[in-house]
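This report refers to the structure that appears directly beneath it.
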Amino acid sequence: MSLRTVVPIVGLALPAALPGAAAADHKPGHNPGGGASLSLAATPAPVVFASPTVLRGRLTGSSKAGVTVTLREDPFPFGDGNKPVASAVTDAQGDYRFTRRPLVNTVFGASAGPNRSPGVSVSVRIRMSVRVSDSSPRVGQRVRFRGRACPAHNGLVVAIQRRSRSGRYVTVRRTRLKAATTCSAYSRTFRIYRDGRYRVTADDADHARGYSRSRFLDAHR
C-alpha cells in the first residue's frame, strides 16, 4: 500500500447519509413501515484488525417477530456500494444480531422490508506489535525496536513514542513499514539514556490509528 498523508482517524465520522439505495429512501424520523422502526448498534467499536464486532438491533411494531433483517455494509472508501452481506430473523421481541470482522473502516446498515436502520460506523484499528532487544539496557546503550503492523501498509510511517511525565506519549523516533512475509514490519535502533515507557503507533486513511502494548525500559549504569 502506498504511503498517504492523512488525518488520524480516532472514531470514523458517520457519512451524512447511509450510502446506496438505503440513504435515498430513508430520512430521519421517517418510518415507511407503518410506525415500525429498526435500530442498529455495534459493540465494540472501534475494533482492532481481525477482531469481531457484534451488530445488534430491534424491530418495533405490531409485526416484529420472525422478520428477516438484511445487513448491508459500505467499506472504505465509502460510496462504492451498499451490498447485503448477511441476514437474520428477529426473535419474539424483535431482536436480531450479526457478528462481523470488518477488514477496513466500514459503515453498516440494516433493513427489514421498508424499514431501514441508521448507518453505524465501525472503525478498524491497525494491529501493532513491538519488541525490544533489551528491556534493561545500560545508559546510552543502543536498543532495537521492531514489530509488525497488520494488515500490510508498506511505506507507512510508524511513530515510536515515549510517555512523558504528564502521562502523554511523545514521538521520539520515526520509521517506515516494509514488506514482510506476514503483514508489514518495521525496525529502528537508537540509544536509551533513561527509564521510560514506550509504544508504537500508526494510522492510514482506510484504518483507524493502532497502538501497540507499551514496553517499559529500565535503563541502568
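The values are calculated or read from the model by the stated rules, or taken from the named source; none is laboratory data. Note that the structure is predicted; figures quoted are calculated from it, not measured. Positions of Cβ are generated from backbone atoms using ideal geometry, with glycine treated the same way; all protein chains shown enter the neighbour counts.
Checked against (1) at pLDDT below 95; (2) in a strand (DSSP E or B); (3) hydroxyl-bearing (S, T, Y), T181 passes all but condition (2). Would a scan of segment 172-185 turn up a residue that is crowded, with 20+ Cβ neighbours inside 10 Å and more than 23 Å from the chain's Cα centre (by Cα)? No; the residues of segment 172-185 include none that is crowded, with 20+ Cβ neighbours inside 10 Å and more than 23 Å from the chain's Cα centre (by Cα).
A202 meets all of the listed conditions (1) among the aliphatic types (A, V, I, L, M); (2) buried (at least 21 other Cβ atoms within 10 Å of the Cβ); (3) more than 24 Å from V47 (Cα to Cα) but one, namely (3).
Residues of segment 119-145 that are outside any strand (DSSP E or B) and either in contact with a Lys or Arg (Cβ under 7 Å, 6 or more places away or on another chain) or buried (at least 20 other Cβ atoms within 10 Å of the Cβ) (or both): G119, S123, I126, S129, V130, S133, S135, V139, G140. Within segment 148-178, being aliphatic (A, V, I, L, M) and outside any loop (DSSP other than H, G, I, E, B) holds for A149, V157, V158, A159, I160, V170, V172.
Among the conditions (1) surrounded by fewer than 17 Cβ atoms within 10 Å (Cβ to Cβ); (2) more than 23 Å from the chain's Cα centre (by Cα); (3) not assigned by TED's automatic domain parsing to the domain that holds D204, the only one that N115 does not satisfy is (1).
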